[in-house]
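The values are calculated or read from the model by the stated rules, or taken from the named source; none is laboratory data. Remember, it's a predicted structure, so these values are computed and weren't measured experimentally. Cβ atoms come from the backbone with ideal geometry, glycine included; neighbour counts cover every protein chain shown. Side chains included, ligands, DNA and RNA excluded: accessible areas come from the protein's heavy atoms. Shrake-Rupley method; radii C 1.70, N 1.55, O 1.52, S 1.80 Å.
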Amino acid sequence: MFQRPLIPMLLSFGGGILVGHEAFAPCQGLLVPLYISVTLCLVGTILLSSRFRILCLLFAFFLTGILLDLERHPPSRLLSFTTLPTKVTIEGTVLRPIKLTEEMAKVRVRAKRLFTKGKAIPINEDIIVTVYDHPPDLRPGERIRFPARLRPFRNFNNPGGYDYKSAMKIKGLTCAAYVSDGRHIVPMGSRDLSFPIGLLEKVQRPIRDFFGKRLSTQDYALYSALILGQRQAISSELREPFNRTGLGHVLAVSGLHVGLVAWVAFFFIKWILSRSYRLALKTDIRRLTAILTCIPVIGYTFLTGFQVPGQRAMIMALAFLGSLILGREREIWSTLALAGLIILALDPHALFSISFQFSFSAVIGILLLTPPILKRLPTLEKTQDGKARFLNRLLVYFVGLIAVSLAATLFLLPITSFYFHRVSLVTIPANVTVIPILGLCVIPFGLLSVVTLPFSHQVAGLFLQIGAWGLDLIMEIIRFWASLSWSSFWVITPNLVEIILFYMLIFFAFFFTRSRWVKMGLVLTVIFILADLGYWFHRTGLNQDLRVTFLDVRNGNAALVEFPGGEKMLIDGGGFPDDNFDVGKMVVAPYLWHSKIRRIDYLVLSHPQSDHMNGLRFIAKAFHPKEFWWNGDKVKTASFAELMDILKRKGIKKLLPADLAAGRQINGAKIQVLHPKPGNKSLDLYDNGTRLNNNSLVLKISFRGKTFLFPGDLERQGEELLISNAGRALKSDILLSPHHGSKTSSSRKFLEKVKPSICVISSGGSNLPRPSHKQTIKRLGDLGCEVFNTSQTGAVQVTVGANELEVNTFLKDRDS
């Protein structure tokens, strides 16, 4: 290892960043001791014996990692205003092109001043601004002033959930600002953007306008992403085929794109230089080519916005080109470690970004696994025949591309599963058929169009049209692979131990013949994997307890019921009224995959309102339910129509209260439908505004003497009817507060009938109780009931075991 010191240096440096990020809170007082410690370690590398020098150097890198991470946590002025209930006025500069959707617009703004209570406070922080109505046409460089509500980024506090808050922090965003009407945004003229953003916009704007005039909507969106690094125009519908085929990385400028530019430029420049016999005699063509290739690599990275993933890819490419220039191309691992050190020194938080982890893991996988994969593939016999030699070279290229794709895909499998929960079965043929067209046609002709644009719009248009033909061909190929029903499938989320076991298995399997200890390691790894599989099989399929998890879905309901013996029920799925965020896909499903659950047997919809219904659509599509329980109410909304269509296409059996009147027994757990009664005519007595709420499907689940009550969004009228119909049957130990703890529900009479010992309020938006909750919480407190609010506690899990009731909460985002 010490023969390549850059590798342990990178590991020490990365370890320091990780420790600084996870173990130390932002504290300016730690900086001076760390500076002194680093200095002492560096002095030790000079004064101490050679035996201890390397240890001092590695410890210096470790401490430097901690130091740089702590310096990346500057205090924010804006965050103190995110808890205010009132609006503030922000003045700032637009940094990126606005992203428009049907319902809203989003734009990144550098806030310069904040106005509140007659005071102007200077700031210099980036925020993401969401405009709901009448979004204006904003361009980078414009100064704007607008009233907005500031809100902190907040996670959904469920195990396995995506760390959205940290992701936004890594992107350099402080908080979110919400503008109700774009007409309130006041333009204040243009302002010179700081370098290099200002120069970038001057270069990109004419190219963007040219693309918009010459390309179709689809090709404009794709070329804007590939050539300018701007993905604002990529819709979810356009992105989905890429995700199904494992080609989502194509849409984000990263190592693939920079590598393709470097590869094409290297061979093209080398071919041109090789035409000169005199030049070939006087210079090292290979080194000169590597030097000249740096120019298009840097130029392409700049053109695509010099964004962080592109910067990392450029540094990696330049490091490898540098190894060619210095004649050290065989030191491939040291070159990779050097690139990693440079990237992390410039941005320590890159360690936690998905793009960094994917890029480096892909390169490691290619370097580690491609040689043994190629050894297992049939070799081709050399031939002197011109045509046969060309075909052999072509075949060698595609065999190499298959080996590289297989190596990268296999090595990235646990990371892909961890972040995206999806595996594509067609990713290798999709890569083999798409990447050559992308690298030889789409990107080169797109860049040629950009280079010739200042001189001739006609020539630039010709190059762009050729590239667009390649784009159209790529889309046809991608849609073909994506149309296959088995092209991709959703997978459970591996934990850290399982990811380590996977990489151990890969290492031992590919190097099985190396030594005896490798064979022993393979056997032990297989034993641990089998033990892990046995544990999860028992926990999800043979568990004898009843487990109910009330998920944090903000101001909505979603409760997972795990019955003894392994069957699962999901009661409501959460959702938002504007339907811009799929709670089922982004919140509920990740928790299920984290819990190693791939099937939900019963879907229950209490009533067809967005905060209960919208999340069920994805669950119905991806988790193979066999029954759907509902109260029969119908609404004229797109999300309800989509849910009904999914149920029909999937052949899921729909059951009404009349079908469930006799109740159900599931491995010792008894389920009763208490409301609405079949043939109930009292629905007409409800107010129009509360009719759907008061007709909510109410379930009661009993097991081992403990009972759970799920009353949906019942309000006082519904509660009174439920009391008259159910009477003493309402008594329950655990209550899901009706209508999210609203003051229009949880009447004293209702709570006295239920007499819960535990009550869960499913609501969100703030870590403080809402004023409307205080009355409910007081009534519950008078009854001696313990209250859990998911906005304060995160997800709440209640387990009915053989001897006791166990309650666990899952709050990770403690300062949300």
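If you bin every alpha carbon distance in the stretch 592-745 into 5 Å steps from zero, what whole percent lands in each bin?
For the stretch 592-745, the pair-distance distribution reads 2, 9, 18, 21, 21, 17, 9, 4, 0.
Taking amide H positions as placed 1.01 Å from N in the peptide plane, with prolines and chain starts having none, which residues 5 or more places from I123, or on another chain, fall under 5 Å of its amide H?
HN-HN under 5 Å from I123: R113, L114.
Could you give the angle, 0 to 90 degrees to the nearest 10, between helix 217-227's Cα long axis and the longest principal axis of the Cα atoms of the chain?
Between the helix axis and the principal axis of the chain, the angle is about 50 degrees.
Mind pulling the per residue volume of the convex hull built on the Cα atoms of the stretch 366-504? Å³ is fine.
Output value, Cα hull per residue: 171 Å³.
Applying 1/(1 + (r/R0)^6) with R0 = 25 Å to the Cβ-Cβ distance of N543 and K519, what FRET efficiency is obtained, to the nearest 0.05?
With R0 = 25 Å, the Cβ-Cβ based efficiency is 0.10.
Go through 662-671, 393-402, 486-495 and give me the packing order, highest mean Cβ count within 10 Å leading.
Highest mean packing first, the order is 486-495, 662-671, 393-402.
So how long is each side of the stretch 424-504 along the principal axes, counting just the alpha-carbon atoms, biggest first, in Å?
Here the Cα extents, ordered largest to smallest, are 57, 28, 17 Å.
Between V807 and E642, how high is the FRET efficiency from 1/(1 + (r/R0)^6) when r is the Cβ-Cβ distance and R₀ = 41 Å? Nearest 0.05.
Computed FRET efficiency for V807 and E642 comes out at 0.70.
Quick one: check the C-alpha center-to-center distance for the stretch 405-435 versus the stretch 490-505, whole angstrom.
15
Using 0.36 nm times the number of residues separating N667 and K165, minus their current alpha carbon distance, what extension gain do you get?
176.7 nm
Using heavy-atom solvent-accessible surface (probe 1.4 Å) with all chains present, what is the largest-first order of T82, T101?
Output order, biggest surface exposure first: T101, T82.
May I ask for the distance between the Cα centers of the stretch 572-590 and the stretch 15-74, given as a whole number of Å?
Their Cα centres are 43 Å away from one another.
Using Cα pairs under 8 angstrom and six or more residues apart, how large is the relative contact order of the stretch 46-170, in percent?
It rounds to 24 percent for the stretch 46-170.
What FRET efficiency, computed as 1/(1 + (r/R0)^6) with R0 = 60 Å and r the Cβ-Cβ distance, is obtained for A23 and V635, rounded to the nearest 0.05?
E between A23 and V635, to the nearest 0.05, is 0.75.
Can you list the lysines whose alpha carbon is less than 19 Å from that of K650, not counting same-chain residues fewer than 8 positions off?
K568, K585, K621, K626
Mind running the shape call on the stretch 291-413? Use the C-alpha gyration tensor, a ≥ b ≥ c as the square roots of the eigenvalues: rounded below 1.5 for a/c, prolate if a/b tops b/c, oblate otherwise.
Prolate.
No solvent, one uniform scatterer per C-alpha: report log10 I(q)/I(0) for the stretch 214-366 via the Debye equation at q = 0.11, 0.17, 0.21 1/Å, two decimals.
Each listed q corresponds, in turn, to -0.50, -1.02, -1.32.
Helix 443-452 versus the longest principal axis of the chain: what is the Cα-based angle in degrees, 0 to 90, to the nearest 10?
Roughly 70 degrees between the two axes.
Kindly provide the pair-distance distribution of the stretch 67-151 built from C-alpha pairs, with 5 Å bins from 0 and whole-percent values in order of increasing distance.
3, 13, 23, 23, 17, 13, 6, 2, 0, 0
What's the carbon and sulfur percent of the chain's accessible surface, probe 1.4 angstrom, rounded to a whole number?
Carbon and sulfur atoms account for 61 percent of the accessible area of the chain.
May I ask you to order 248-255, 161-168, 278-285 by the average number of other C-beta atoms within 10 Å around their residues, highest value first?
The most tightly packed comes first, giving 248-255, 161-168, 278-285.
Could you check the spin-label model distance between K375 and F390? Points 7 Å from the Cα along Cα→Cβ, value in nm.
Going by the 7 Å Cα→Cβ label model, 3.5 nm.
Largest first, how would F511, F320, F24, F710 line up by accessible area (1.4 Å probe)?
F24, F320, F511, F710
Considering amide H positions built from the backbone, and no H for Pro or chain starts, which residues 5 or more places from W629, or on another chain, come under 5 Å of its amide H?
L603, V604, L605, L655
Report the extension gain between R649 and L484 in nm, rounded to one decimal, defined as 0.36 nm multiplied by the number of residues separating them, less their alpha carbon distance.
Answer, rounded to one decimal: 57.7 nm.
Give me the extension gain from T89 to D472: residue separation times 0.36 nm, minus the current Cα-Cα distance, reported in nm with one decimal.
Result for the pair: 133.4 nm of gain on full extension.
Quick check on the stretch 526-619: take the gyration tensor over C-alpha atoms, sort the square-rooted eigenvalues as a ≥ b ≥ c, and tell me if it's rounded (a/c under 1.5), prolate or oblate. It would help to have the intermediate numbers written out before the result.
Values: a/c = 3.09, a/b = 1.96, b/c = 1.58.
Judged from the Cα gyration tensor, the stretch 526-619 comes out prolate (a/c at least 1.5, a/b above b/c).
With every protein chain kept in place and ligands, DNA and RNA left out, what is the accessible area per residue of the chain? Probe 1.4 Å, answer in Å².
Per-residue accessible area for the chain comes out at 48 Å².
Run down the lysines and flag those whose C-alpha is under 16 Å from the C-alpha of K749, throwing out any fewer than 8 positions away in its chain.
Leaving aside lysines fewer than 8 places away in the same chain, those within reach of K749 are K731, K778.
What is the P(r) of the stretch 560-671, as percent of Cα-Cα pairs per 10 Å bin from 0?
The distribution over the stretch 560-671 is 14, 49, 32, 5, 0, given as percents.
Normalised by the number of residues in the chain, what is the relative contact order in percent for Cα pairs under 8 Å and 6+ residues apart?
After rounding, I find 8 percent.
Helix-derived [θ] at 222 nm for the chain: sum -39500 (n - 2.57) over DSSP H runs of at least 4, divide by residue count, nearest 500? Working shown, then result.
On the way: 28 runs with 395 residues, N = 816.
Calculated mean residue ellipticity at 222 nm is -15500 deg cm²/dmol.
Each label point is 7 Å from the Cα along the Cα-to-Cβ direction; what then is the distance between the points at Q465 and R77, in nm?
Output for this residue pair reads 5.4 nm.
Could you check what % of the DSSP bridge pairs in the chain are antiparallel, to the nearest 5?
Antiparallel bridges make up about 75 percent of those DSSP assigns within the chain.
Return the distance in nm (one decimal) between the two label points of a simple spin-label model at I295 and K112, each offset 7 Å from Cα along Cα→Cβ.
Reported label-point gap for I295 and K112 is 3.7 nm.
Which value does Rg/Rh take for the chain over its C-alpha atoms, Rh per Kirkwood?
Numbers: Rg = 30.0 Å, Rh = 30.2 Å.
Reported Rg/Rh, Kirkwood definition of Rh: 1.00.
Students often forget the sequence filter, so: which aspartates and glutamates lie under 12 Å Cα-Cα from K653 once same-chain residues fewer than 8 apart are removed?
Candidates past the 8-residue exclusion: D601, E627.
I need the peptides 591-598, 59-66 ranked by packing, meaning the mean over residues of other C-beta atoms within 10 angstrom, with the highest value on top.
Listed from highest to lowest mean packing, they are 59-66, 591-598.
Per residue and in cubic angstrom, what volume does the convex hull of the Cα atoms of the stretch 17-162 have?
Per-residue hull volume (Cα only) is 189 Å³.
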